[in-house]
Amino acid sequence: MEKRRVYFLDSLRGLAATSVVITHLAGSFAGESFSKDILQSFGRSAVILFFILSGIVLSMSLQKNKKLTWTNYISFLIKRFFRIYLPFLVIVICSFILFIVMQPHFIVGLSDWFNAVGTNVSTVDLKENLLMTGNRVERVDPVIWSLIIEMRVSFIFPILYFILRKKSWRTLLMWASIAFIVGAGILYLIGQKFLIGQTVFHIGFFIPGIGVFLYQSKLKAFVLKTKAQILTISLFLYFHIMLLNIMRLENIQVVSDIFIGIGTIGILLFCYHSSQLQQELHKSLYQKLGKYSFSIYLVHCVVFIPLIHLLYPYSLDFIMIEAISIPLIYIFAVLAYKSIERPSQLLGNVTCNKIIASMVTTSNLMKRSKKIEK
């Protein structure tokens, strides 16, 4: 895979993180409005894009390995732990301490979602979050539910990739369909408990990510021939919840999620084979958004929600407070990247190298010992 393609994947991740910020700012207000109907629809689509992008990027990281061994499996898990869990750990603890100190109260006129974050937090919330149980995920930093799913899927992703990498697209479609059906069934039976149903359901989006990685070059001729149709249909599917919200029509989330996933795949295939769009996404602004996307996603709620609680007694307009919070979100995201996210990645690489070297040394000693015994 050409290096320039990594650039546009990063840029898409940055745009998705920004759309989640917009969704949560809009979702803070109680009641319905035309602007809220439009803006609040972006977040769900963005998270599905995150999962499919993860499927692509993780496949890229595994492609150099001819087979799955204990060494490359352990290496993968160590890097994922430091990539996801360590920043998650630091931000959750810092957020918990912040809310304990602030002791925020319910604000009339803002949504139940907004008021659930940080109010009356307890050590039970902290424990459940740090253990990634999937319970009480809305209490300290409400975006962590997707990171819990990312971390859980990391344990099986290498196995999935090596099973599916030589399979046909029909087989990948079948596996994804099984994940959707089983996940939806679990959600119907037990709801959101422990995020078990959500985890199984969202595995169905990592699998198309593997598929896009494996088959995008083989689909080049088809995509180039039907680019306009693919983009039109894909954008409609990706944003269809916005239209349903505007028309005040109900949607079944698991069905809508699958439609969004199909739209996301189409958009990604279009990006892969549009040099003009890749050139645009290679611009500095989009690259910076991509670079800091994980930190933007992780910290934005624990920047703007405390800020609203802090400035609320001064009778400032909520929209003005949210406008003030936007540059602060990106400032804190850059700080989080430089002080937490990037050092965690580097520490993960160093730790991984040491553990793998130790495993190799131990394995060699055992082989020598067996030879001596013989």
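The values are calculated or read from the model by the stated rules, or taken from the named source; none is laboratory data. In this text, all values refer to a predicted model and were calculated from it rather than measured experimentally. Heads up, the Cβs are rebuilt from the backbone with ideal geometry, glycines too, and the neighbour counts pull from every protein chain shown.
Any residue at all in segment 313-336 that is at pLDDT 95 or above and more than 20 Å from THR18 (Cβ to Cβ)? Checked segment 313-336: no residue is at pLDDT 95 or above and more than 20 Å from THR18 (Cβ to Cβ). Taking SER275 as the residue in question, decide whether it is touching a residue at least 60 places away in the same chain (Cβ under 8 Å) and not aromatic (Phe, Trp, Tyr). Taking the combined requirement at face value, the residue does not satisfy it.
Among the residues making up segment 146-162, those that are of a type outside the set (Ser, Thr, Tyr) and either at pLDDT below 95 or more than 9 Å from the chain's Cα centre (by Cα) (or both) are ILE148, MET151, ARG152, VAL153, PHE155, ILE156, PHE157, PRO158, ILE159, LEU160, PHE162.
Given the conditions (1) assigned to a helix (DSSP H, G or I); (2) among the charged types (D, E, K, R); (3) touching a residue at least 12 places away in the same chain (Cβ under 8 Å), which single one is not true for GLU128? Every condition holds for GLU128 apart from (3). Within segment 110-125, restricting attention to residues that are of a type outside the set (Ser, Thr, Tyr) and under 20 Å from SER33 (Cβ atoms), the residue that is surrounded by the most Cβ atoms within 10 Å (Cβ to Cβ) is PHE114. Looking across segment 59-104, the residues that are outside any helix (DSSP H, G or I), loosely packed, with under 14 Cβ neighbours inside 10 Å and either under 21 Å from the mean Cα position of the chain (by Cα) or in contact (Cβ under 8 Å) with a residue 40 or more places away in the chain (or both) come down to GLN63, LYS67.
Would you confirm, using the coordinates I've provided, whether SER35 is assigned to a helix (DSSP H, G or I) and surrounded by 17 or more Cβ atoms within 10 Å (Cβ to Cβ)? Against the criterion (assigned to a helix (DSSP H, G or I) and surrounded by 17 or more Cβ atoms within 10 Å (Cβ to Cβ)), SER35 does not qualify. Residues considered: PHE294, PHE239, PHE332. Of these, the only one that is surrounded by 14 or more Cβ atoms within 10 Å (Cβ to Cβ), under 23 Å from GLY27 (Cβ atoms), touching a residue at least 60 places away in the same chain (Cβ under 8 Å) and over 17 Å from the mean Cα position of the chain (by Cα) is PHE239. Here ASN115 qualifies as part of a helix (DSSP H, G or I) and under 13 Å from HIS309 (Cβ atoms).
The condition (being in contact with a Phe, Trp or Tyr (Cβ under 6 Å, 6 or more places away or on another chain) and either polar (S, T, N, Q) or farther than 25 Å from ALA176 by Cα (or both)) is satisfied by just one residue among GLY31, GLY55, GLY27: GLY27. Inspect all residues belonging to segment 41-51 and state whether any of them is surrounded by fewer than 17 Cβ atoms within 10 Å (Cβ to Cβ), in contact (Cβ under 8 Å) with a residue 60 or more places away in the chain and closer than 23 Å to ARG165 by Cα. For segment 41-51, residues surrounded by fewer than 17 Cβ atoms within 10 Å (Cβ to Cβ), in contact (Cβ under 8 Å) with a residue 60 or more places away in the chain and closer than 23 Å to ARG165 by Cα: absent.
One residue is enough: does segment 38-61 have a residue meeting the conditions more than 30 Å from MET320 (Cβ to Cβ), among the aromatic types (Phe, Trp, Tyr) and touching a Pro at 6+ places or on another chain (Cβ under 7 Å)? Checking segment 38-61: not a single residue is more than 30 Å from MET320 (Cβ to Cβ), among the aromatic types (Phe, Trp, Tyr) and touching a Pro at 6+ places or on another chain (Cβ under 7 Å). Being hydroxyl-bearing (Ser, Thr, Tyr) and within 26 Å of CYS301 (Cα to Cα): is that true of SER344 here? So SER344 fits the description; yes. Against the conditions (1) under 24 Å from LEU160 (Cα atoms); (2) surrounded by fewer than 22 Cβ atoms within 10 Å (Cβ to Cβ), GLU250 satisfies every one except (1).
The residue of segment 126-143 that is nearest to VAL90 (Cα to Cα), among those that are of a type in the set (Val, Ile, Thr) and buried (at least 20 other Cβ atoms within 10 Å of the Cβ), is VAL140. Among the residues of segment 286-329, those that are among the hydroxyl-bearing types (Ser, Thr, Tyr) and within 26 Å of LYS79 (Cβ to Cβ) comprise TYR286, TYR292, SER293, SER295, TYR297.
Going by the structure shown, is ILE355 more than 24 Å from the chain's Cα centre (by Cα), in a helix (DSSP H, G or I), buried (at least 17 other Cβ atoms within 10 Å of the Cβ) and β-branched (Val, Ile, Thr)? When the stated conditions are applied, ILE355 does not pass them.
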